[in-house]
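Engineer: Submitted below is the structure of interest, expressed as structure tokens.
The values are calculated or read from the model by the stated rules, or taken from the named source; none is laboratory data. Source: prediction; values computed, not measured. Backbone-built Cβ (ideal geometry, glycine too); neighbour counts: all protein chains shown. Protein only, heavy atoms only, side chains kept; ligands, DNA and RNA dropped before computing areas. Shrake-Rupley method; radii C 1.70, N 1.55, O 1.52, S 1.80 Å.
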Amino acid sequence: HQRVVFIHLDSRSLGENIDVFFYHHPKSKSGRRLATRMQKTFKQKYAEFQPNRKYSGTVSSRNLYVLRNTNPTALFIELGNIQNKQDQRRFVLKDNRDALAKWIGEGLETDFINR
């Protein structure tokens, strides 16, 4: 049971705040399952730790080079917009980075347990 996770910070316009979202290769059923499980984990965590904030992260397929050319099941995670102050807090503040890492780990664990 091998998984590859690519973590990316996007660079969009200053005002564009985005949630964490997940990409899988269009032909990868296991990639789609992993992405969906990861999104579900993030939805649950947002509901628990930020109950007044709506989570709008999505799962979609992309024909990205790294997804297309990786043999194990691959997941591409977009953590946010590096130019947006709100998103920056997600990866600049240690507690937030730790939470993201923990949630990613829990999503991978769920994928492993439910294989």
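Engineer: Would you mention how many residues in the stretch 90-115 are open to solvent by less than 90 Å² (accessible area, probe 1.4 Å), of a type in the set (Asp, Glu) and closer than 25 Å to residue 27 by Cα? Step through it out loud before you land on a result.
Structural biologist: Just the residues of the stretch 90-115 that are open to solvent by less than 90 Å² (accessible area, probe 1.4 Å), to begin with: 90-91, 93, 96, 98-101, 103-108, 110-111, 114.
Restricting the remaining residues to those that are of a type in the set (Asp, Glu) gives 98, 106, 111.
Still in the list and also closer than 25 Å to residue 27 by Cα: 106, 111.
Matching residues across the stretch 90-115 total 2.
Engineer: Considering only the stretch 24-37, I want to know if a residue exists there that is surrounded by 11 or more Cβ atoms within 10 Å (Cβ to Cβ), in a loop (DSSP other than H, G, I, E, B) and within 11 Å of the chain's Cα centre (by Cα).
Structural biologist: Within the stretch 24-37, the first condition is being surrounded by 11 or more Cβ atoms within 10 Å (Cβ to Cβ), and the residues that meet it are 24-28, 30-37.
Now restrict to residues that are in a loop (DSSP other than H, G, I, E, B): 25-28.
Cutting the leftovers down to within 11 Å of the chain's Cα centre (by Cα) gives us none.
No: zero hits.
Engineer: While we're on this one: Out of everything in the stretch 38-84 that is open to solvent by 40 Å² or more (accessible area, probe 1.4 Å), out of contact with any helix residue (DSSP H, G or I) (no Cβ under 6 Å at 6 or more places or on another chain) and aliphatic (A, V, I, L, M), what residue ends up being nearest to residue 97 (Cα to Cα)?
Structural biologist: Per the stated criteria, the residue is 82.
Engineer: If you go through the stretch 66-75 one residue at a time, do you hit one that is under 13 Å from residue 5 (Cα atoms), in contact with a His (Cβ under 9 Å, 6 or more places away or on another chain), hydrophobic (A, V, I, L, M, F, W, C) and not in a helix (DSSP H, G or I)?
Structural biologist: Checked against the condition, which is being under 13 Å from residue 5 (Cα atoms), in contact with a His (Cβ under 9 Å, 6 or more places away or on another chain), hydrophobic (A, V, I, L, M, F, W, C) and not in a helix (DSSP H, G or I), the stretch 66-75 yields at least one hit.
Engineer: Working carefully through the options 57, 80, 105, find the one that is under 17 Å from the mean Cα position of the chain (by Cα) and in a helix (DSSP H, G or I).
Structural biologist: Going through 57, 80, 105 in turn, just one is under 17 Å from the mean Cα position of the chain (by Cα) and in a helix (DSSP H, G or I): 105.
Engineer: Pick from the stretch 13-37 the residues that are without any contact (Cβ under 8 Å) to a residue 24 or more places away in the chain and out of contact with any His (no Cβ under 9 Å at 6 or more places or on another chain): which of them is farthest from residue 101 (Cα to Cα)?
Structural biologist: By that ranking, first place goes to 27.
Engineer: Which number in (1) open to solvent by 50 Å² or more (accessible area, probe 1.4 Å); (2) in contact (Cβ under 8 Å) with a residue 60 or more places away in the chain marks the one condition that residue 87 misses?
Structural biologist: With (1) open to solvent by 50 Å² or more (accessible area, probe 1.4 Å); (2) in contact (Cβ under 8 Å) with a residue 60 or more places away in the chain applied to residue 87, the lone miss is (1).
Engineer: Moving on. Taking the stretch 1-23 as the region of interest, how many residues are open to solvent by less than 30 Å² (accessible area, probe 1.4 Å) and out of contact with any strand residue (DSSP E or B) (no Cβ under 6 Å at 6 or more places or on another chain)?
Structural biologist: As a first pass, look at the stretch 1-23 and keep what is open to solvent by less than 30 Å² (accessible area, probe 1.4 Å): 18-23.
Of the ones still in play, those that are also out of contact with any strand residue (DSSP E or B) (no Cβ under 6 Å at 6 or more places or on another chain) are 19.
Summing the residues that are open to solvent by less than 30 Å² (accessible area, probe 1.4 Å) and out of contact with any strand residue (DSSP E or B) (no Cβ under 6 Å at 6 or more places or on another chain) in the stretch 1-23 gives 1.
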